[in-house]
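Peer 1: Let me begin by handing over the structure; questions about it come next.
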Amino acid sequence: MADAKVIPFDDDRSRGGAQRPPRRRSGPRRPGDGAKARDVKAVPAAPGRPHGDAPGGADRAGAAPGAEPSVAEGARAPGAGAPGGSRAARRDTVPVQALPSEPRGGGGGWDRRIAGGLAFLRRRLTGEYDVDDFGYDAELTDQVLMSLLRPIYDNYFRVEVKGIENIPAEGGALIVANHSGTLPWDGLMMQVAVHDNHPHGRHLRLLAADLVFMLPVVNELARKAGHTLACAEDAGALLERGELVGVMPEGFKGIGKPFSERYKLQRFGRGGFVSTALRTGSPIVPCSIVGAEEIYPMIGNAKTLARVLGIPYFPLTPTFPWLGPLGVVPLPTKWTIQFGEAIPTDGYPPEAAEDPMLMFNLTDQVREQIQHTLYKLLVQRRSVFF
Amino acid sequence: MGKVVLVTGVARQLGGRFVRRIQRDPEVERVVAVDAVPPEHHLGGADFVQADIRQPTITKVLAEHGVDTVVHMDVTGAALAGGSRGSVKETNVIGTMQLLGACQKSPRVKRLVVKSSTNVYGSAPRDPAVFTETTPPKSLPSGGFAKDAVEVEGYVRGFARRRPDVAVCVLRFANILGPAADSPLAEYFSLPVLPTVFGYDPRLQFVHEDDAVDVLRLASHEPERGTLNSGTFNIAGAGLLLLSQCARRLGRPTLPVLLPAVTWVGAALRTLSVTDFSPEQIRLLTHGRVVATRQMRETLGFRPKYTTAEAFADFVRSRGPGLLPPAALAGAVDRIAALPLAGGGGKSGAGGGARRGADDSAHHSAN
């Protein structure tokens, strides 16, 4: 597919000034560096998951741009199972006491996994689990929802994550990403990316459109996965609690844009995310997602039908709605998620949140950083599907 | 000289408990209990005055007894036996207006406490996840008790403006639960099978009755040092429970019903007056509601003894086991865990396989 026409790079250089060249040079090298840094950090920081991150980091290093994709995939397959396994094992410390007679032999791993599964089931059936104020069910998310998404993340979209070290290890931070793909797979994949790659096992709390909370089933799962309504109150409350909040300020304009406008960032809402970040002093981490634009190439929009159904757009793709439910299957594109350098906001005076000029400037800064990273990643990409 | 406290709505369980409790406070000299119907429970040594607060007689009651503290608890969702929705609305709104008018006339009144409800926030998908006292509701409640509560609070604000010398405290209670609770939600949780809205799992918060009585007491006395007990406060136990969790802890199976059907069924049941499954009740059980309680803890200085989960557990203990007691389910899972797992590799995936097996056994134990 034609993704070579994208690049207004010379413009960038003239605008970006002295900052640009070093950043670009460090681009290809970054994954390896990131993996090394992660190996060093991960071992002392997360003793509970000894082989959860190290192999993951190693095989992601193998997936650096130079490597053969099939090799990278092969190396990743065992790694994909490992985090889930080690995580289940970690949770077993409590339930194992309930089964004192369990032998620890060669099948100990399986036994413990089954025991862990049963203990989990027991807690679910009796309702003895905790949910936070926003309805986030950490246990269900870790053990079920993430496990359901992980095969899609690992094997279908083969997501490559860069710059995970730009997400702070603790405290509130606002991750701002581009939004695309007709259905919000990009948000879910970003959530898995943070969950599986961050050395401190941080959870991303996504801000979702109100439509999500109007739909039955979807709203229930979204709340349990830790998503909440994209409004200043909720975002501020989450950031104050020191959570990692993910927002896609383009909203429906971004996710429902036609295929011809792919990778062109839309207007960033009214910049409300910046004032929320300023008010709580949380850093803003720009995030660029490449690959999501092509999963459902939206060639048309049945506006009348959308209005009748009360949804913001009704996508027409080469397969949807012509092939019925088959049309909902996304194309297996290869994804890259790059977290950029955090933009600190704690240096501003408290009244800065009320300063519209500063807000617009920061919004533009974030937006341009994401757009440039998108272009850069697109140049590096060899094909949409590999 | 001690205080003279007038309490409205004493024919209800909570009103009765509050009257009995506040008499034991040393600074209270006398309690005047007011309701339109005589209560079935005893009121300790309180003077019961049978008066309808919709009538101007309440002014006389205030003057005769020299009342200085008014606790207005007659803002309720459901009528006592035999009352219609219309009379409840009148008591809520006209009764409050009369009572406030009487308070304004009486120079001795120094303190007014109003029992309101978190219903005033409504419940909509476009609302923020956590309501603070200042959050404006996205969709104002269109009718029923919630609208009454909004109107009552409006009149109370007007009163506070006209009588700035009176300390006014509005307490917005989350759902009050406990062994003696007689609220619509308690009735709902007593159904053998809980109808739920398909595809929604609302977040619910509860306050225990004991905490409700305590916070009303706290609000009707002089503020303790470092705290302020005039203003509007959300009152709820810490934490929250999802409806699905509530059903599992109660041991009652749920019956998911599609949203349009729920509205019809609710309307039909209301017409037949089987239960009071009001529209705002359905909205609460669809979208849920959670309020922030920082003001309660930091400004009012009140720390509930029961969390939401503990209040619910106390309610569960008073209701007896349902069709699927959690203990039996846990036992079933334990029995499976105790089975000798020959060739553990045969069971694929601790999650899926084991879950299906346990679900089967849960059904067996239920039958």
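The values are calculated or read from the model by the stated rules, or taken from the named source; none is laboratory data. On a predicted model such as this, the values are computed, not experimentally measured, just so you know. Every residue, glycine as well, gets a Cβ built from its backbone with ideal geometry; the counts of neighbours run over all protein chains shown. The area values use the complete protein model at the heavy-atom level, side chains included, leaving out ligands, DNA and RNA. Shrake-Rupley method; radii C 1.70, N 1.55, O 1.52, S 1.80 Å.
Peer 1: All but one of (1) assigned to a loop (DSSP other than H, G, I, E, B); (2) surrounded by fewer than 24 Cβ atoms within 10 Å (Cβ to Cβ); (3) touching a strand residue (DSSP E or B) at 6+ places or on another chain (Cβ under 9 Å) hold for A:Lys257, so report the exception by its number.
Peer 2: (3)
Peer 1: Can you name the residue in the range A:339-349 that is touching a residue at least 60 places away in the same chain (Cβ under 8 Å) and not acidic (Asp, Glu) and is also surrounded by the fewest Cβ atoms within 10 Å (Cβ to Cβ) among such residues?
Peer 2: Looking at residues that are touching a residue at least 60 places away in the same chain (Cβ under 8 Å) and not acidic (Asp, Glu), I get A:Pro344.
Peer 1: Taking the range B:80-110 only, how many residues are open to solvent by 40 Å² or more (accessible area, probe 1.4 Å) and hydrophobic (A, V, I, L, M, F, W, C)?
Peer 2: The qualifying residues number 4.
Peer 1: Do we find a residue being within 14 Å of chain A (Cβ to nearest Cβ) and surrounded by 17 or more Cβ atoms within 10 Å (Cβ to Cβ) anywhere in the range B:164-172?
Peer 2: Narrowing the range B:164-172 to residues within 14 Å of chain A (Cβ to nearest Cβ): none.
No; the residues of the range B:164-172 include none that is within 14 Å of chain A (Cβ to nearest Cβ) and surrounded by 17 or more Cβ atoms within 10 Å (Cβ to Cβ).
Peer 1: Let me ask something else. Might you check whether a residue that is modelled with pLDDT of 95 or more, more than 30 Å from A:Arg307 (Cα to Cα), more than 14 Å from chain B (Cβ to nearest Cβ) and not in a loop (DSSP other than H, G, I, E, B) occurs anywhere in the range A:222-244?
Peer 2: Yes, the range A:222-244 has at least one match.
Peer 1: Another question, if that's okay. For the range B:217-240, what are the residues that are within 18 Å of B:Asn119 (Cβ to Cβ) and not small (Gly, Ala, Ser)?
Peer 2: Once the filter is applied, which keeps residues that are within 18 Å of B:Asn119 (Cβ to Cβ) and not small (Gly, Ala, Ser), the range B:217-240 yields B:Thr232, B:Phe233, B:Asn234, B:Ile235, B:Leu240.
Peer 1: Moving on. Are any of the residues in the range B:49-72 open to solvent by 40 Å² or more (accessible area, probe 1.4 Å) and in contact with a Leu (Cβ under 8 Å, 6 or more places away or on another chain)?
Peer 2: There is no residue in the range B:49-72 that is open to solvent by 40 Å² or more (accessible area, probe 1.4 Å) and in contact with a Leu (Cβ under 8 Å, 6 or more places away or on another chain).
Peer 1: Is one or more of the residues making up the range B:111-128 among the acidic types (Asp, Glu) and either open to solvent by 20 Å² or more (accessible area, probe 1.4 Å) or in contact with an Asp or Glu (Cβ under 7 Å, 6 or more places away or on another chain) (or both)?
Peer 2: Initial filter on the range B:111-128 (among the acidic types (Asp, Glu)): B:127.
Then drop every residue that is not either open to solvent by 20 Å² or more (accessible area, probe 1.4 Å) or in contact with an Asp or Glu (Cβ under 7 Å, 6 or more places away or on another chain) (or both), which leaves none.
No, because not a single residue in the range B:111-128 is among the acidic types (Asp, Glu) and either open to solvent by 20 Å² or more (accessible area, probe 1.4 Å) or in contact with an Asp or Glu (Cβ under 7 Å, 6 or more places away or on another chain) (or both).
Peer 1: Quick check: is even one residue across the range B:272-282 within 14 Å of another protein chain (Cβ to nearest Cβ), open to solvent by 30 Å² or more (accessible area, probe 1.4 Å), under 34 Å from the mean Cα position of the chain (by Cα) and at pLDDT 85 or above?
Peer 2: No, because not a single residue in the range B:272-282 is within 14 Å of another protein chain (Cβ to nearest Cβ), open to solvent by 30 Å² or more (accessible area, probe 1.4 Å), under 34 Å from the mean Cα position of the chain (by Cα) and at pLDDT 85 or above.
Peer 1: Can you tell me which residues in the range A:195-221 are open to solvent by less than 50 Å² (accessible area, probe 1.4 Å), at the interface with chain B (Cβ under 7 Å from one of its Cβ atoms) and within 19 Å of A:Pro312 (Cα to Cα)?
Peer 2: The answer is A:Asp210, A:Phe213, A:Asn219.
Peer 1: Now, a different point. Just name the residue that is modelled with the highest pLDDT out of those in the range A:102-118 that are over 29 Å from the mean Cα position of the chain (by Cα) and facing another protein chain (nearest Cβ under 8 Å).
Peer 2: A:Leu118
Peer 1: Pull up the range B:200-242, narrow it to residues that are out of contact with any Leu (no Cβ under 6 Å at 6 or more places or on another chain) and within 14 Å of chain A (Cβ to nearest Cβ), then point me to the one that is nearest to A:Ala222 (Cα to Cα).
Peer 2: That would be B:Tyr200.
Peer 1: Consider A:Ile167 carefully, then state whether it is open to solvent by less than 10 Å² (accessible area, probe 1.4 Å) and under 16 Å from A:Ala292 (Cβ atoms).
Peer 2: The answer is no for A:Ile167.
Peer 1: Next question. I'm checking my understanding of the structure. Among residues of the range B:120-145 that are modelled with pLDDT of 90 or more and outside any loop (DSSP other than H, G, I, E, B), which one is farthest from the other protein chains (Cβ to nearest Cβ)?
Peer 2: For the range B:120-145, the residue satisfying everything is B:Val120.
Residues checked against (1) within 22 Å of B:Val152 (Cα to Cα); (2) touching a residue at least 60 places away in the same chain (Cβ under 8 Å); (3) part of a helix (DSSP H, G or I); (4) more than 23 Å from the chain's Cα centre (by Cα):
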| position | (1), (2), (3), (4) |
| --- | --- |
| B:Phe48 | no, no, no, yes |
| B:Asp52 | yes, no, no, yes |
| B:Val75 | yes, yes, no, no |
| B:Ser87 | yes, no, yes, no |
| B:Asn92 | yes, yes, yes, no |
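Peer 1: Please tell me if A:Leu188 is closer than 30 Å to A:Ile299 by Cβ, open to solvent by 30 Å² or more (accessible area, probe 1.4 Å) and not hydroxyl-bearing (Ser, Thr, Tyr).
Peer 2: yes
Peer 1: In addition: Restricting to the range A:134-156, count the residues that are within 12 Å of chain B (Cβ to nearest Cβ), in contact with a helix residue (DSSP H, G or I) (Cβ under 8 Å, 6 or more places away or on another chain) and aliphatic (A, V, I, L, M).
Peer 2: Here the count works out to 4.
Peer 1: Please state which one of A:Ala225, A:Ala235 is under 16 Å from B:Val290 (Cα atoms) and touching a residue at least 12 places away in the same chain (Cβ under 8 Å).
Peer 2: Criteria check complete, one pass: A:Ala235.
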